[in-house]
1. If I filter the stretch 55-78 for residues that are closer than 18 Å to Ala19 by Cα, in contact with a Leu (Cβ under 8 Å, 6 or more places away or on another chain), at pLDDT 75 or above and not in a loop (DSSP other than H, G, I, E, B), do I get at least one hit?
2. Kindly evaluate Arg178 against the criterion of being without any contact (Cβ under 8 Å) to a residue 60 or more places away in the chain and within 23 Å of Pro51 (Cα to Cα).
3. Quick one: Arg34 ticks every box in (1) modelled with pLDDT of 90 or more; (2) surrounded by 15 or more Cβ atoms within 10 Å (Cβ to Cβ); (3) over 15 Å from Leu118 (Cα atoms) except a single one, so which number is it?
4. How many residues are farther than 14 Å from Ala17 by Cβ and at pLDDT 80 or above if we restrict to the stretch 138-158?
5. Quick check on my filter: what residues within the stretch 20-31 are surrounded by fewer than 23 Cβ atoms within 10 Å (Cβ to Cβ) and touching a helix residue (DSSP H, G or I) at 6+ places or on another chain (Cβ under 6 Å)?
6. Which numbered condition in (1) in contact with a helix residue (DSSP H, G or I) (Cβ under 7 Å, 6 or more places away or on another chain); (2) of a type in the set (D, E, K, R); (3) crowded, with 19+ Cβ neighbours inside 10 Å is the only one that Arg83 fails?
7. Can you find, within the stretch 142-179, the residue that is nearest to the chain's Cα centre (by Cα) among those that are charged (D, E, K, R) and under 15 Å from Met30 (Cα atoms)?
8. Scan the stretch 167-175 and tell me whether some residue there is more than 19 Å from Ala78 (Cβ to Cβ) and of a type in the set (A, V, I, L, M).
Amino acid sequence: MGALEIVLLAVGLAMDASAVSLAAGASGRMSALRPTFRLAFHFGLFQFAMPIIGWAAGSQVATLMGSVDHWVAFALLAVVGGRMIRAGLGPEDAPRPGDPSRGWTLVMLSVATSVDALAVGLSLALVGVTILLPSLVIGFVTGVMSATAVQVGARLGARFGPPMEVVGGLVLLGIGARIVFEHTLG
């Protein structure tokens, strides 16, 4: 696998994480550098680790996961997206969901955006590609793209306010729906 192929694969896998990062930034709770770093780091870490897990797990686990992975990703994205929509439509003084770069929300988003990387790891194992370099590139590219997307989303959220949070939640639901659509209809 050549360098260009690895970079293109990394960019493709980072798209979902970037879209989620954009939505998280638009929520208005992610403009500081610490939450941006936490989200980007965890998205990059999960995108780095999942191909290695898929590569090591072999076809038994991937076949089992392949029948439900899209539903897991959809459910996780729907929970977070639904919370964002509810917060965006609620009154300005209503309690807001917490920082999406902390706790279980961060774990759910990290897993949901990296499920496809598990299948990529299995695919690379089946064609005899060593996994460490592609995983490193995937993790790094995801981290950089996610950090950039959070900052862009934060600027949009600051400019447009709660409607951007609704849009961000709808983006998460759309990503989840696209994942289910692609897996069920091919």
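The values are calculated or read from the model by the stated rules, or taken from the named source; none is laboratory data. Keep in mind that this is a model prediction, so the values were computed, not measured. No Cβ is skipped: glycine too gets one built from the backbone with ideal geometry, and neighbour counts run over all protein chains shown.
1. yes
2. Yes.
3. (2)
4. Final tally of qualifying residues: 4.
5. Gly28, Ser31
6. Status for Arg83: all satisfied but (1).
7. Applying the filter and picking the extreme gives Glu165.
8. Step one: of the stretch 167-175, the residues more than 19 Å from Ala78 (Cβ to Cβ) are none.
No, there is no match, as no residue in the stretch 167-175 is more than 19 Å from Ala78 (Cβ to Cβ) and of a type in the set (A, V, I, L, M).
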